[in-house]
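This report refers to the structure that appears directly beneath it.
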Amino acid sequence: MIKQSIAAGLTAALLFSLSACGPQDKPSAASRRFSKCAEELNGIPALAELRKSRNKPDQENQKPFEGMELALTINEMVTSQVDEKNVDDLCYAQDTRENFDKLIKALSENSMPPTVSFIEGMWLDPALQTDWLKSGNLIGNLTFDRRKAKKSHGQEFVDNIARNDHLLASLWKSFPPRKKFFRYPHFKTADDRDRELTSEYLKKNGYIEVPVTIESPEEVFGQMYCAALSKGNLECAKLIKANFFSLLLEVASKARAEAREKAGREIKHVLSVRASQLTCDTLGEMLAWFKGLGARFVSIDEALSDRYYDTKQARAASESSMRH
C-alpha cells in the first residue's frame, strides 16, 4: 500500500541522513556527494529536533491523519518572469511553464477541490493565471508586492491590496468568483488600529481572510534541493525529498494536536504550500501521501465554514507556533 511504502522509505532515509556517516576505505565521488548531502541535512535544526522526538519511545500510527480534514492553498504561484540577475537564489529558474503544468496535473490526478492560489501582483502572469482559472481553480489576493502589514502604515497597506485587486479584476471579468479571498503576506497581520482599517476595506470589497494552520516546511529544504538538481545529484535530491516528508509529518501532526487543544475538538485545517521547485516536483506525491495517512481534502469554503475561524484565537494561531 502507498502509505506503507512511503512510510518505510521516509523512515529509512531519515535515519540514514541523521546518522553519522561511517568511514570508508575508498569512497567514490558519488558516495562523497551523498555523504555531504547527509551532513548538510544534519545541520538543519528542525531535523535535529525531529531526530530527538523520534528517539522517544512511541507506538507508530499507520494512519496518523485519520479523521483530519484540510484545504490546500498555494502561495507565490509560478510565473514566467524569471529573474536571472538574482544569482543568490539557487531556485531562480523554478518559474517555468513545466512547473506550472506539474501543479495542474497533480491537482487533477488527485481529484482535488478548487485550490486557491494567492497572487502577488507585481509577479502576476495573466496567461498562466488564466489557465489556472480555466482548470477550475481559484486565485486570491496576496497584496501587490507582499509587503509586511506591520511594516506599512494602515492606508499604505490597504492601497497595496487595492492595487492588486485592480489587477486581479481583469481576470475575474472572465471568471467571476463567488467569493474573493485575501491572505496577509508572511502570515503576519497588522496592529489593531491598522487591522481595523484593513478589515473595513476587505469587507467593503467582498474579501474573506484566509488564515493558515499548517505551513509546508519546504522552505527549509528549497535552496538545498535546487542546488542538488543543478549539480545533477539526484540521489541527494531524493534524500532531501524524504526528509521533507518526514518533517511535514511532524509539522502537520503538531499543528493538529495544538489546534485540537485550543479548540477542544478537531478543526478543519488550512494547509499552505509555496509553488517552489520542491513543491512542484512533489505535490502529486504529497496529496496522495496525506490521503494515504488518513486525511481528507476539502474545499476552502468548507474549511472556512468551521466556526474556529471566526475567533481571534484562529487569527493568532495563523501567526504563532501552529505554523512550525
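Determine which single condition A20 fails, assuming it passes every other condition in (1) farther than 27 Å from H269 by Cα; (2) of a type outside the set (S, T, N, Q); (3) modelled with pLDDT of 70 or more; (4) surrounded by fewer than 20 Cβ atoms within 10 Å (Cβ to Cβ). Single failed check for A20: (3).
The rows are residues; the columns are (1) within 27 Å of I214 (Cβ to Cβ); (2) surrounded by 15 or more Cβ atoms within 10 Å (Cβ to Cβ); (3) more than 23 Å from the chain's Cα centre (by Cα).
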residue: N99; (1), (2), (3): yes, yes, no
residue: S108; (1), (2), (3): yes, no, no
residue: I119; (1), (2), (3): yes, yes, no
residue: N137; (1), (2), (3): yes, yes, no
residue: T143; (1), (2), (3): yes, yes, no
residue: R146; (1), (2), (3): yes, yes, no
residue: V158; (1), (2), (3): no, yes, yes
residue: K180; (1), (2), (3): yes, yes, no
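Scanning the range 211-240 for residues that are more than 14 Å from the chain's Cα centre (by Cα), over 18 Å from S31 (Cα atoms) and crowded, with 18+ Cβ neighbours inside 10 Å turns up just one, C226.
Within the range 226-245, track down each residue that is in contact with a Leu (Cβ under 6 Å, 6 or more places away or on another chain) and under 19 Å from L283 (Cα atoms). Walk me through it before giving the result.
So the first thing to find is which residues in the range 226-245 are in contact with a Leu (Cβ under 6 Å, 6 or more places away or on another chain), and the list is 226-227, 237, 242-243, 245.
Scanning the range 226-245 gives C226, A237, A242, N243, F245.
Taken over the range 96-138, residues that are among the aliphatic types (A, V, I, L, M) and free of Cβ contacts under 8 Å to residues at least 60 places away in the same chain amount to 7.
Scan D83, D88 and give me the residue that is modelled with pLDDT under 95 and under 30 Å from P114 (Cα atoms). Before you say what the answer is, go through the steps one by one.
On the way: D88 fails: under 30 Å from P114 (Cα atoms).
Criteria check complete, one pass: D83.
Does the range 202-221 hold any residues that are in a helix (DSSP H, G or I), in contact with a strand residue (DSSP E or B) (Cβ under 8 Å, 6 or more places away or on another chain) and either more than 17 Å from I74 (Cα to Cα) or touching a residue at least 60 places away in the same chain (Cβ under 8 Å) (or both), and which are they?
First, the residues of the range 202-221 that are in a helix (DSSP H, G or I): 202-204, 218-221.
After this cut, where a residue has to be in contact with a strand residue (DSSP E or B) (Cβ under 8 Å, 6 or more places away or on another chain) as well, the list is 202, 218-219.
Within the range 202-221, L202, E218 qualify.
Scanning the range 42-69 for residues that are closer than 24 Å to A288 by Cβ and modelled with pLDDT under 95 gives A46, L47, L50, R54, E60, N61, Q62, K63. What number of residues within the range 90-117 are part of a helix (DSSP H, G or I) and β-branched (V, I, T)? So the answer is 1.
Each residue in the range 139-159 was checked for being closer than 16 Å to K204 by Cβ and either touching a residue at least 12 places away in the same chain (Cβ under 8 Å) or not in a helix (DSSP H, G or I) (or both), and 5 of them qualify. Scanning the range 242-278 for residues being more than 12 Å from the chain's Cα centre (by Cα), crowded, with 21+ Cβ neighbours inside 10 Å and of a type in the set (S, T, N, Q) gives a total of 2. Under the condition of being under 22 Å from A71 (Cα atoms), charged (D, E, K, R) and not in a helix (DSSP H, G or I), the residues counted in the range 118-138 number 1.
The values are calculated or read from the model by the stated rules, or taken from the named source; none is laboratory data. Keep in mind the model is a prediction, meaning the values are calculated, not measured. So basically every Cβ, Gly included, is an ideal-geometry build from the backbone, and we count neighbours across all protein chains shown.
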